[in-house]
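A.B. asks: Before I ask anything, here is the structure I am working with.
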Amino acid sequence: MPIIPIAVIVGSLRRDSLNRKLAHALTQLAPDDFSFSQVDIGDLPLYNQDEDNHQAASVLRVKSQIKSALGLLFVTPEYNRSIPGVLKNAIDHASRPYGQSVWDGKPAGVVGASVGSIGTAMAQQHLRNILSYLNVPTMGQPEAFIHAKEDFFNADGSVGGASRAFLQGWMDHYVAWVRLHLSSTAK
């Protein structure tokens, strides 16, 4: 069975990011034919349209990683009821120059964790709006607004109990979503 490469975009630069931990825990729940690689977005310059025809090496690297992926997994915190600036910056870079977006048509899943009781509901909604414009088919259900309480992660970084079962269900739906879109584009 061929490997399905997935680009993981974590919307946090924090060393001990809950969302980086969540991304790692989620990828452990996927089948063996899915391969996940995190896209480093921390070294991107601020997007400036004047640079569209002379993109920095870091921008070209990110675009290449996304272009070579068959699917996308966005794992984002919520900052001030929206997505972090670093994530929006990465999205803008990889969609430019106009007409040369590397996001186009790639199936995506959106998830996020927060210590707040509504998880990352608002950030996910804003991200879905952006992805819709970029023609990224995004899985709508199940939604996953993770309230990461103190005991959410086990010592080894995994997630246990009912939360693990919920995340496994989410990952199963995500895998089916990606497979559905890959099969429809292969026709």
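The values are calculated or read from the model by the stated rules, or taken from the named source; none is laboratory data. Note that the structure is a prediction, hence the values are computed from the model and not measured. Methodologically, a virtual Cβ is constructed for each residue, glycine included, from the backbone with ideal geometry; neighbour enumeration extends over all protein chains shown.
A.B. asks: In the list LEU180, LEU167, which residue meets the criterion of being surrounded by 12 or more Cβ atoms within 10 Å (Cβ to Cβ) and more than 17 Å from VAL8 (Cα to Cα)?
C.D. replies: LEU180
A.B. asks: Out of the strands (runs of 3 or more DSSP E) lying entirely within the range 57-147, which hold 3 or more residues that are in contact (Cβ under 8 Å) with a residue 60 or more places away in the chain and small (Gly, Ala, Ser)?
C.D. replies: 108-114
A.B. asks: Still on this model: Checking GLY112 against (1) at pLDDT 95 or above; (2) in contact with a strand residue (DSSP E or B) (Cβ under 8 Å, 6 or more places away or on another chain); (3) over 17 Å from VAL8 (Cβ atoms), only one condition comes out false. Which one?
C.D. replies: (3)
A.B. asks: On the given criteria, is ASP43 of a type outside the set (Ser, Thr, Tyr), modelled with pLDDT under 95 and either assigned to a loop (DSSP other than H, G, I, E, B) or touching a Pro at 6+ places or on another chain (Cβ under 6 Å) (or both)?
C.D. replies: Against the criterion (of a type outside the set (Ser, Thr, Tyr), modelled with pLDDT under 95 and either assigned to a loop (DSSP other than H, G, I, E, B) or touching a Pro at 6+ places or on another chain (Cβ under 6 Å) (or both)), ASP43 does not qualify.
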